[in-house]
Amino acid sequence: MTSKLKTDVLETVSGSGTIALTNQLSGMTSASVPSGSVIQVANRVITEETSVTTGSWTAAGGTHIEFSSLESTSSKILVKFNLAVTSTKGGNGGVKLYRNIGGAGWTEVTGVTSTSGTGGSYNTWMTNRYNPVDTHHELPTYILSNEYLDSPSTTSSVAYKIYVRSRNSSFTVYINRATLNGNSDSAIPRATSSATLMEIKG
């Protein structure tokens, strides 16, 4: 059985006054919530298909997501991306996170990128699995998922975007499509990607 406690007024411990309970949350603002609270959320479903055949970092279409302003310079932003990625056989690719503060231009978020790559290897935020040379290499699409708690230290607009590159110009990396890009084969599923931002009070 569910119990309910109903009351209009609570009396203080000293008995010198009362505490009204009506509409106690009506005056709450983002400035008055405790640290760690989520202040605002943005979400984007990414349906645009991207193909990249180069060893240079290239902006992925449709991955732009932003807040027009932040509550405070102490705010943090939890950045989440889920990407449907594949590549041509024998290849793989890399993904980096880029940021634009106040429209000043896109720069890499280096705090989330690996720093261990040397020689012929390269550093990324995420990477898709190697597409093996087998019978059905052209059919799979894999979901890459990662998140990062960013500290942009601004109250201006903050935008994020994905950049992608292929192993080299002999291979192609795809977002939101399989290597075999047909509509007549029932073995080829289509997928979408997504991006989410959460401003968290510092």
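Is it the case that segment 124-133 has a residue that's in contact with a helix residue (DSSP H, G or I) (Cβ under 7 Å, 6 or more places away or on another chain), at negative phi and either surrounded by 16 or more Cβ atoms within 10 Å (Cβ to Cβ) or of a type in the set (Phe, Trp, Tyr) (or both)?
yes
Kindly evaluate ILE143 against the criterion of being surrounded by 13 or more Cβ atoms within 10 Å (Cβ to Cβ) and within 13 Å of LEU83 (Cα to Cα).
When the stated conditions are applied, ILE143 does not pass them.
Residues in segment 105-115: is at least one more than 25 Å from TYR174 (Cα to Cα), in contact (Cβ under 8 Å) with a residue 40 or more places away in the chain and either part of a strand (DSSP E or B) or within 14 Å of the chain's Cα centre (by Cα) (or both)?
The answer is no, given that none of the residues of segment 105-115 is more than 25 Å from TYR174 (Cα to Cα), in contact (Cβ under 8 Å) with a residue 40 or more places away in the chain and either part of a strand (DSSP E or B) or within 14 Å of the chain's Cα centre (by Cα) (or both).
For segment 149-166, does any single residue satisfy the condition of being more than 23 Å from THR58 (Cα to Cα), over 23 Å from the mean Cα position of the chain (by Cα) and either part of a loop (DSSP other than H, G, I, E, B) or among the basic types (Lys, Arg) (or both)?
No, every residue in segment 149-166 fails to be more than 23 Å from THR58 (Cα to Cα), over 23 Å from the mean Cα position of the chain (by Cα) and either part of a loop (DSSP other than H, G, I, E, B) or among the basic types (Lys, Arg) (or both).
Can TYR163 be described as within 30 Å of THR73 (Cβ to Cβ) and in contact with a helix residue (DSSP H, G or I) (Cβ under 6 Å, 6 or more places away or on another chain)?
Judged against the criteria, TYR163 is not a match.
Exactly one condition in (1) assigned to a strand (DSSP E or B); (2) free of Cβ contacts under 8 Å to residues at least 40 places away in the same chain is false for THR124; which is it?
(1)
Is there any pair with a first residue in segment 53-65 that is closer than 17 Å to ARG177 by Cβ and a second that is of a type in the set (S, T, N, Q) whose Cβ atoms are under 7 Å apart and which are 6 or more apart or on different chains, and what are they?
Between residues of segment 53-65 that are closer than 17 Å to ARG177 by Cβ and residues that are of a type in the set (S, T, N, Q), the close pairs are THR53/SER166; THR53/SER169; THR53/THR172; ALA60/THR50; GLY61/THR50; GLY62/THR47.
Would you check if there is a residue in segment 30-48 being of a type in the set (Ser, Thr, Tyr), at pLDDT 95 or above and outside any loop (DSSP other than H, G, I, E, B)?
no
Residues in segment 55-101 that are modelled with pLDDT of 95 or more, assigned to a strand (DSSP E or B) and polar (S, T, N, Q): how many?
3
For segment 57-76, give me the residue count where each residue is surrounded by fewer than 16 Cβ atoms within 10 Å (Cβ to Cβ), within 16 Å of TRP106 (Cα to Cα) and among the hydroxyl-bearing types (Ser, Thr, Tyr).
Of the residues in that region, 1 qualify.
Tell me yes or no: at least one residue of segment 182-194 is modelled with pLDDT of 95 or more and small (Gly, Ala, Ser).
yes
Can you tell me which residue among VAL95, VAL79 is touching a helix residue (DSSP H, G or I) at 6+ places or on another chain (Cβ under 9 Å) and buried (at least 19 other Cβ atoms within 10 Å of the Cβ)?
Exactly one of VAL95, VAL79 is touching a helix residue (DSSP H, G or I) at 6+ places or on another chain (Cβ under 9 Å) and buried (at least 19 other Cβ atoms within 10 Å of the Cβ), namely VAL79.
Residue by residue through segment 59-79, note down the ones that are more than 27 Å from GLU48 (Cβ to Cβ) and in contact with a strand residue (DSSP E or B) (Cβ under 6 Å, 6 or more places away or on another chain).
Those that are more than 27 Å from GLU48 (Cβ to Cβ) and in contact with a strand residue (DSSP E or B) (Cβ under 6 Å, 6 or more places away or on another chain): GLU71, SER75, LYS76.
The values are calculated or read from the model by the stated rules, or taken from the named source; none is laboratory data. Worth saying up front: this structure is predicted, and the values here are computed from it rather than measured. Every residue, glycine as well, gets a Cβ built from its backbone with ideal geometry; the counts of neighbours run over all protein chains shown.
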